[in-house]
Structures are given as structure tokens and as C-alpha cells.
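Below: the structure, in C-alpha cells.
Every read-out reported here was derived from the displayed coordinates using simple, explicitly stated rules and does not represent laboratory data. Since the model is a prediction, treat every value here as computed from it, not as a measurement. Note that each Cβ is placed from the backbone with ideal geometry, even for glycine, and that neighbours are counted across all protein chains shown.
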Amino acid sequence: MDDLQFGKRDKRGHWKPNEPLTNPPVFVFPPRPVAFLKWLPSYFLPWNVVFMASAAVFWYYLTPDTETLKTLSPGWILIILARNMLAVFLFYGAFELLLYIKRRQANRFKYNPTFPADTKSDVFWFKSQNIDNMIRSFGSGVPIWTAFEVGMLWAFANGYAPMADFMTSPWWLATIVLLTPAFHELHFYLVHRAIHSPILYKYIHSVHHNSVNPSPWSSLSMHPIEHLLYFSGVLVHLFIHSHPVIAIYHLHLAGFGAVVGHVGFDKIEAGEEHAVDTHSFAHYLHHKYFEVNYADGLIPLDRWFGTWHDGTKSGDEAMEVRWKKKAQRMNAKKAAQEGKQA
């Protein structure tokens with residue numbers, strides 16, 4: 001495919017789509033029902049359907065029975081950990097293999113034209129972004145993900161989490177399934193804004209932002225404390241009548257869904273004339289500029305709170321105005337402190 005039919009490259013070879021980023025017609029007034037119905041299929045396809053299907057397979061075929069889950073024991077916990085490790089290796093590895101090792105579509109639709117493996121950096125262990133990212137993902141990311149999953153499964157099995165049944169409460173659970181991506185986005189935004197505070201950013205979130213040019217393995221490359229905060233969104237299912245398969249779906253949105261936001265490509269080619277949209281441009285801009293697009297755009301939180309960047313020149317200009325105002329506030333605060341000391 002010719003990516004220049006869908007976007008353009010600047011002098012440094014960075015690609016961006018022709019169309020500016022927009023928020024879906026969900027949280028709008030007055031309502032736009034026709035636009036909403038046109039958008040709705042993209043809400044399900046392909047990614048949310050994939051993660052719901054993976055959650056169903058995990059729950060019905062790859063998770064011990066409820067009686068086993070009632071008692072915490074190393075045997076079944078290690079099984080959950082092993083299946084999550086393998087799933088991450090296969091899912092993340094597939095994107096890495098096709099797009100970054102074989103480079104099947106070269107840098108077509110790639111926002112940053114360079115590949116992390118071609119550049120060594122001292123900010124990463126062994127000067128390799130991929131090795132560093134993999135160690136962090138498997139060292140703390142998947143174990144913490146698994147710890148939350150084990151805790152939720154145990155809570156459901158023992159009645160500590162209110163559980164509804166698909167046979168008796170199909171519409172309620174369908175609603176929870178529909179809202180789970182929104183739960184995830186709201187929680188992600190709140191946590192994300194918090195860890196961008198100066199102290200938390202310096203000691204925790206900066207680890208993730210070392211990957212300025214993100215790739216699949218950057219997805220869970222975080223400080224362990226950030227992993228704890230990131231996956232804690234699943235705890236919402238302790239307070240609503242939910243179901244284990246939906247809790248697993250929530251974790252898959254966070255764990256596997258992170259790849260979609262960090263894949264580094266706007267589209268993944270599926271033949272000579274077809275491609276799958278990743279919808280990752282918003283989060284790529286966050287990695288590029290750090291202080292924009294704290295959420296992914298399902299809920300227009302960044303637009304509401306003034307940190308939205310739509311990928312256009314006007315977005316750049318709005319961002320620079322915010323930066324200048326922030327610099328002025330910091331300089332004024334510093335001058336006031338120096339005045340007190342004098």
C-alpha cells in the first residue's frame with residue numbers, strides 16, 4: 001500500500017495521517033445518533049472483539065474450575081502465570097516479528113521512520129530498548145497482571161465480589177461489557193495524570209517514557225509501581241455485579257490492548273489493498289510530546305481538560321501555548337521562592 005495516500009511525511013520522515021484526530025460521537029451534546037451508529041462498529045472491531053474472545057477462551061478453557069479457585073495454592077496460580085506469560089510472548093511477539101524484525105511493511109504507516117533496534121541508548125539495560133522492555137514486561141508486568149487476575153478469580157469464587165449470571169442477567173452483563181473499555185479509559189486517565197506529577201514522573205513514569213519511539217514491547221515496560229496502578233482498574237469489578245470473564249476482559253484490554261497503542265504504526269497491512277487501523281496515533285503523540293493525550297480519546301477527557309492534541313499544526317500551536325504558560329508559572333514560583341529567601 002502507498003501510505004502517502006493516507007498521510008504525509010515531514011522532512012525527517014515522520015508520518016502522520018491526513019485526517020486530524022477526533023473523539024467519537026459518544027459524549028456529545030446535542031446527541032448525534034446517526035454519527036454514533038456509523039461509529040459503533042469501530043468500537044467493537046477489531047480490537048474489543050479480539051480481547052473479549054481471548055477473555056472467553058481464557059475463562060472457559062484455560063482457567064481452573066471454581067472449586068479450585070476458592071483456595072489460593074501455588075499450583076493453579078503458576079498455571080495462570082504461565083498461560084499469561086505465553087500469551088504475552090505470542091501476542092506481543094507476533095507484532096514484533098512481523099513489523100520490527102521481518103519489517104514486512106518497511107516503515108509504511110510508521111509514525112517514526114526509525115526502528116528502535118537500530119539505535120543503542122544508555123537509558124536502557126544493555127543499551128537495547130527491546131531487551132529492556134522485555135525484561136520489565138516479564139519481570140514485573142505480567143506477574144502483577146497475574147496477581148490481580150488471581151485475586152479477582154479468588155474473590156469471585158468465594159463470593160467476595162458480587163457476581164451476576166449470564167442466564168439470569170444477560171442485559172446487565174452486556175451493559176457492563178460495553179462499559180468496560182470506558183471504565184478502563186477513565187481509570188487510565190486518572191492514573192496517567194497522577195504519575196505525570198513531577199516526583200512520580202521522575203521516579204516512576206519516566207521508565208515508560210524512555211521509549212520515545214515505542215514498539216510492541218514498550219507496552220508494559222513500566223516501573224513496578226506503575227504496573228500496580230495500571231492494572232488496578234480491574235478492581236472496579238469488586239463493587240459491581242460483574243462476572244470473571246468480564247474481569248479478565250478488562251485485564252486483556254489493559255494488557256494486550258496496550259500493544260495496540262504502542263505498535264508505532266497507524267495501519268497494519270493485510271494484503272495489497274487492505275489494512276487494519278490501530279488507532280494508536282493519539283498515544284504516539286503522547287510519547288512524542290509527553291504532556292498531551294493522557295487518554296486514548298474514547299472519553300474526551302483531554303479535550304475537556306485542555307491537553308488534547310489532534311496531530312495538526314493547530315494542535316502544535318495550542319500545545320506550545322500551554323508550555324509557555326506552564327514555564328511562566330514555574331518561573332514566577334521560582335522567583336517568589338528566591339524573593340522569600342532573600
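Size check on the range 283-342: the Cα extents along the three principal axes, sorted descending, read 49, 22, 19 Å. Hey, got a sec? Which chymotrypsin sites (Phe, Trp or Tyr not before Pro) in the range 140-247 land in a DSSP loop and have at most 10 other Cβ atoms within 10 Å? Within the range 140-247, the qualifying chymotrypsin sites (Phe, Trp or Tyr not before Pro) (loop, at most 10 other Cβ atoms within 10 Å) are F239.
Ordered from longest to shortest, the equivalent ellipsoid semi-axes for the chain are 33, 25, 23 Å, each the square root of 5 times a Cα gyration tensor eigenvalue. Per residue of the chain, the DSSP helices (runs of n ≥ 4 H) give a summed -39500 (n - 2.57) that works out to -16000 deg cm²/dmol at 222 nm. Which GluC sites (Glu not before Pro) in the range 267-342 pass both tests, a DSSP loop state and at most 11 other beta-carbon atoms within 10 Å? Qualifying residues, ordered by number: E272, E273.
Checking every one of the trypsin sites (Lys or Arg not before Pro) in the range 59-127 against DSSP loop status and a limit of 10 other Cβ atoms within 10 Å picks out K102. Pairs over the 29 Å Cα-Cα cut-off, from the set K16/K120; K120/K288; K11/K120; K127/K325: K127/K325. Counting only lysines at least 8 places from K324 when in the same chain, those with an alpha carbon closer than 16 Å to its own are K333, K334.
Here K313 is the anchor, and the aspartates and glutamates within straight C-alpha reach of less than 19 Å, apart from those fewer than 8 places off in the same chain, are D10, E19, D266, E291, D302. Calculate the translational D of the range 147-239 in whole µm² s⁻¹ from Stokes-Einstein, where the hydrodynamic radius comes from the Kirkwood formula applied to all Cα pairs, the temperature is 37 °C and the viscosity 0.692 mPa s. Answer from the Stokes-Einstein relation: 215 µm²/s. Dividing the Cα radius of gyration by the Kirkwood radius, what Rg/Rh value follows for the range 236-329? Dividing the radius of gyration by the Kirkwood radius yields 1.09.
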